[in-house]
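Everything on this sheet refers to the single structure shown next.
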Amino acid sequence: MSAILRQSYLEKIERYLGKDTIIILTGQRRIGKSYILRLFRDKVNKDERANIIFIDKEKHEFDDIKTYHDLNAYIDARRDKTKTNYILVDEIQDIEEFEKSVRSYYEEPDIELVITGSNSRMLSSDLSSIIGGRYKDIYIQALSYEEFMLFHQLADSDDTLAKYIQFGGLPGLMKMGLDEQDAREYQTDVYHTVLLKDVITRNKIRNVPFLENLVRFLADNAGKIISANSIAKYMKSQGESVTSTVIINYTKFLCDAYLLHKVNRYDIHGKKLFESNDKYYFEDNGLRNTLAGGSREGDIEKVIENIIYNHLIRLGYEVTVGQLQAGEIDFVCKKPKGQKIYVQASYIIADEATREREFGNLRAIKDNYPKYVISMTPLVGRLDSDGITHLHLRRFLTEGLE
């Protein structure tokens, strides 16, 4: 089978070539960063003026590259100053003091640097302290619904959407297939790899059982407003006593590894961020489902909300949770140029009470920014009512908000 291009990411990489900029592909482990880096390598390899130096720290042949000294020696032995040298390093955070190598090469006229990493805190802090803002972070997400269809050779249908809701968008499922047991075993392996390499080992966590209980709690409460104090109280009721400080630290470690995303609350009327009580969403809804267990019948609204959140990020929005005196707006979404929209997520709007809850909160916002309700209500394609647009989830995932 020929390689499936994730073209938007390749275009982002190419946009920053030749600008003395380090290009960093970030995101959760096993989300597709390595695949995109190899796609870029294969594309550049067709250029006779290119010399490619490719290092994959997850492959045993590169085990000897442990420090920045080893990395420098490997690069220098293969560098060709008569060509453009593309230094491509996968999972660079596994190389000790890698930032020193990055600093020494990134401004060389014959060098382009593209690296990947699975820890946001380490990459941003280390590179910021060494080179300031001279890098571009390209965030790689799990497969979109359209990419999911392409990878699994499925047509757009209610059945395909159900599979996406259930299995999520880990690219590795293309080889495993969508058999329930095989998919869950693969997702469990991915989860344990992320937890061990990017959370437990990197942060020297000792209370591993609590960490795993915390992840399962967050999976079961995805999309709910929670605080460190409320988690601590719940854990105490289960016989485990931990402080709010430990919970704050552990959730940050999980977010640094891109397993989770924390979303702050935004006071719509007061136009300010609250400092406590946030929501958490998973990078991949399939992984979240595996951790939560059971079927989707009992938690379908949580999964839909998680999917909508990730797609809003994919569309380029900065997302917060909206707070009104009378209720909550699931998502307040902004773009750098001042665009703003409000989005409510729902499963099926089957009665007037549900309609009033979803539409009524949006009507309570007294400004003229676009407002949307996204649901799986049958027969809804795109429907406008009182200035509020009702979109079917499938249409949102294939056509956006247009």
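So here's what we get for this one:
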| quantity | calculated |
| --- | --- |
| Residue list for the stretch 169-193, filter: in contact (Cβ under 8 Å) with a residue 24 or more places away in the chain and of a type in the set (Gly, Ala, Ser) | Gly169, Gly172, Ala183 |
| Matching option when the condition is of a type outside the set (Ser, Thr, Tyr), under 26 Å from Ser34 (Cα atoms) and open to solvent by 40 Å² or more (accessible area, probe 1.4 Å), among Arg216, Arg206, Arg202 | Arg202 |
| Filtered residues of the stretch 372-402 (kept if charged (D, E, K, R) and either surrounded by 21 or more Cβ atoms within 10 Å (Cβ to Cβ) or touching a residue at least 60 places away in the same chain (Cβ under 8 Å) (or both)) | Arg394 |
| Residues of the stretch 59-83 satisfying the condition of being touching a strand residue (DSSP E or B) at 6+ places or on another chain (Cβ under 7 Å), farther than 15 Å from Glu97 by Cα and among the basic types (Lys, Arg) | Arg78, Arg79, Lys83 |
| Some residue of the stretch 350-370 being part of a loop (DSSP other than H, G, I, E, B), open to solvent by less than 90 Å² (accessible area, probe 1.4 Å), within 21 Å of Glu146 (Cβ to Cβ) and touching a residue at least 60 places away in the same chain (Cβ under 8 Å) | no |
| Of residues in the stretch 39-65 being of a type in the set (D, E, K, R) and open to solvent by less than 80 Å² (accessible area, probe 1.4 Å), the one farthest from the chain's Cα centre (by Cα) | Asp47 |
| Selection count where residues are open to solvent by less than 10 Å² (accessible area, probe 1.4 Å) and outside any helix (DSSP H, G or I), scope the stretch 66-110 | 7 |
| Those residues of the stretch 193-208 which are closer than 27 Å to Ser230 by Cβ, assigned to a helix (DSSP H, G or I) and at pLDDT 95 or above, in sequence order | Val194, Leu195, Val199, Ile200, Val208 |
| Failed item, numbered, when Leu315 is tested on (1) of a type in the set (A, V, I, L, M); (2) modelled with pLDDT under 95; (3) surrounded by fewer than 17 Cβ atoms within 10 Å (Cβ to Cβ) | (2) |
| Qualifying positions in the stretch 111-123 - part of a strand (DSSP E or B) and either out of contact with any strand residue (DSSP E or B) (no Cβ under 8 Å at 6 or more places or on another chain) or within 17 Å of Ile52 (Cβ to Cβ) (or both) | Ile111, Glu112, Leu113, Val114, Ile115, Thr116 |
| So Asp330, is it farther than 24 Å from Lys262 by Cβ, touching a strand residue (DSSP E or B) at 6+ places or on another chain (Cβ under 9 Å) and not in a helix (DSSP H, G or I) | no |
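The values are calculated or read from the model by the stated rules, or taken from the named source; none is laboratory data. What you are looking at is a predicted structure, and each value in this text was computed from that prediction instead of being measured. Here Cβ is always computed from backbone atoms with ideal geometry, including for glycine, and neighbour counts include all displayed protein chains. SASA here: full protein model, heavy atoms, side chains in, ligands and nucleic acids out. Shrake-Rupley method; radii C 1.70, N 1.55, O 1.52, S 1.80 Å.
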